[in-house]
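One structure is given here, and the rest of the page talks about it.
What follows draws every value from the coordinates through simple rules; no lab data is involved. On a predicted model such as this, the values are computed, not experimentally measured, just so you know. Every residue, glycine among them, receives a Cβ derived from its backbone with ideal geometry; neighbour counts consider all protein chains shown.
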Amino acid sequence: MGLIGAWIAAIGAMAIAPDTLVMEVHGRVGELTGAGFERIEAVETDSAGRIYALDSYAHRLSAFEADGRAAWSVGREGRGPGEFDSPVGLAWAPDGSLWVIDPGNQRATPVSLDGRVLDASRLPSGFELAPWPGRFDRAGRLYHYRQADGYSYDLAQYDEDLRRLRVLPTPEPPEPGVFFEGRTERGSHMRARVPHTARLVWRLDSEGAFVTNWTSEARFPTSANPSGRTTIPESAPPRLTVAERRGAVEGLSSFVRRGGVADARRIPERKQLFSTFVLDGEDRIWALRSRAAGAEGSLFEVVDPEGGHLASVRIAARISTRPFPVIRDGWFVGVEVDDFGLQTIVLARVPEGVR
């Protein structure tokens, strides 16, 4: 099967509510198309539906046309021009170049649309954080993280010359997170979040303002809707199966080996209402509902900045929360991970009702 012939362009059979829009899969890039990835850390797309994939383990940025053909690839491990050290993020700059955020080298490297590496700029960070939470805002200012006290970090705002303008403290959760605690043999404190408990998710909108969600609630406070009230259809989050609970405990094995204490009885009976959310190019909220065990595809609730529910949108792919999916210019690009851990990039057309 050839590269283009290997693409899947049809939605698989699945139960869909009458008022749910279907996001048609345009194609996939992965092992079947000869583009095996080691660790996709970020994805992007543009108005032509081109896919950009940042592979942190391979230290490489690759571009693919909308029909699946490989366009170009740049990068390798190192500290010289065009080299990366486990890069963590991508961002479209005001001049149309795609920036590769590379905290391992303490710099950002712009890449042109034809794959040329442009002059890199110093971007201090001090530590690596992925998925990368930053972006460029509508005024061309860049937001990048800066380590604060303990486990926290702030966002620093930079002008076009990467001069720091101000520091933005990140949002505080409405209630404390739930963690397992422990100490290493050397006495260092460590903690691990109790699986499937509520957490605060936040994103920056195009003006550089925070949009937040406490994952157990269907509320998304924005500048236009400070209360966060929405008209999302009510739906109980799915229950955890025995296998999922077992998997959650097994996922803490490294924490326990290092001296942590994990009590499985503290894991809730149900998942959270949402797994994550992202903002599209119009600052609309795409909230990913938690998936029931064995469910096909992924369901997004699309909400405008004022809190109005625009649509429920389903795609026939199990979209991962890392890296974040991207919705831009009528295209959706996200990553699906199979049972063997292989990553496939999924490109889809956004339904006309929410373009």
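General observations
- Within segment 147-226, the proportion of C-alpha pairs whose separation exceeds 17 Å stands at 61%.
- Directionally averaged projected area (convex hull, Cα atoms, segment 81-213), nm²: 9.9
- Segment 277-341-segment 88-166 distance, computed between alpha-carbon centres (Å): 24
- The alpha-carbon atoms of segment 304-355 define a convex hull whose volume equals 94 cubic angstrom per residue.
- Global dimensions of segment 284-333 from alpha-carbon coordinates: Rg and Dmax equal 11.3, 34 Å.
- Fewest-first sequence of H189, H144, H59 by Cβ atoms within 10 Å of each Cβ: H189, H59, H144
- Order of V242, V25 - criterion: other Cβ atoms within 10 Å of each residue's Cβ, fewest first: V242, V25
- For R135, distant residues with modelled amide H under 5 Å away: Y143
- When the Gaussian network model of the chain links Cα atoms closer than 10 Å, the mean-square fluctuations of G297, G140, G260 top out at G260.
- Bins of 10 Å, starting at 0 and running to the largest distance - Cα pair percent for the chain: 5, 23, 33, 28, 11, 1
- Within the shell defined by Cβ-Cβ distances under 10 Å, the residues around D283 carry a net charge of -2, with Lys and Arg each +1 and Asp and Glu each -1.
- Fewest neighbouring Cβ atoms within 10 Å first, the residues Y145, Y153, Y57 line up as Y57, Y153, Y145.
- Stokes-Einstein diffusion coefficient of segment 228-283, Kirkwood radius over Cα pairs, 37 °C, 0.692 mPa s, in µm²/s: 230
- Evaluating kT/(6 pi eta Rh) at 10 °C and 1.306 mPa s, with the Kirkwood radius of segment 228-336 over Cα pairs in the Stokes-Einstein relation, gives 101 µm² s⁻¹.
- Among residues other than F220 with Cβ under 15 Å from its Cβ, the summed charge is -2 (Lys and Arg +1, Asp and Glu -1).
- P(r) tail for segment 24-140: Cα pairs beyond 23 Å make up 25% of the total.
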